[in-house]
């Protein structure tokens, strides 16, 4: 991946992460992110909808946005993967470094209601995730019925 593909995210605090439901409908969510070595890192609650959707389909799109999700640039296709152990800790450290006291305050409040978090690596990868437009979201295949198996 070249640095030009990450240029839209320079000096931004939020990106819109678009994941796909099983029925093919896109769901966009503004999230904090950090970048290192050409990879974007985000986090979420481990049982959130976006994590479930990424487990089901790692093909995502990202775009720079503001805190309300208003896009500040175009969508880019990407592939998301869930991180574990050292990789997840490193992603957390990168996010702590970028968001400083704001992230630490959220972490403090999270201690009162501890819930597992998931860390995600996002790689812009045009070959693996074809570009979609709002009118051409690919449909997921229909699940096989129990009778047809």
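Just so you know, all these numbers are worked out from the coordinates, no wet-lab data involved. These numbers were taken from a predicted model, which means no experiment stands behind them. A quick note on method: Cβ atoms are made from the backbone with ideal geometry, for glycine too, and the neighbour counts reach across all protein chains shown.
Assuming R0 = 30 Å, can you tell me the calculated FRET efficiency for the pair residue 45 and residue 85, based on Cβ-Cβ distance, to the nearest 0.05?
It comes to 0.95.
As a footprinting exposure proxy, order 50, 103 by other Cβ within 10 Å, with the fewest listed first.
103, 50
Kindly give the semi-axes, whole Å and largest first, of the ellipsoid equivalent to the stretch 1-42, taking each as the square root of 5 times a Cα gyration tensor eigenvalue.
Each semi-axis is the square root of five times an eigenvalue, giving 23, 12, 9 Å.
When you count, for each residue, the other Cβ atoms within 10 Å and take the mean per peptide, how do 34-44, 81-91 rank with the highest first?
Those peptides, ordered most packed to least, come out 34-44, 81-91.
How far apart, in nm, are two points set 7 Å out from the Cα along the Cα-to-Cβ line at residue 102 and at residue 125?
2.9 nm
How high is the relative contact order of the stretch 3-127, given as a whole-number percent (alpha carbon pairs under 8 Å, six or more residues apart)? Working shown, then result.
Values: 227 pairs, mean separation 37.6, N = 125.
Averaging sequence separation for qualifying contacts and normalising by length gives 30 percent for the stretch 3-127.
Residue 12 to residue 112: FRET efficiency via 1/(1 + (r/R0)^6), r the Cβ-Cβ distance, R0 25 Å, to the nearest 0.05?
About 0.25, to the nearest 0.05.
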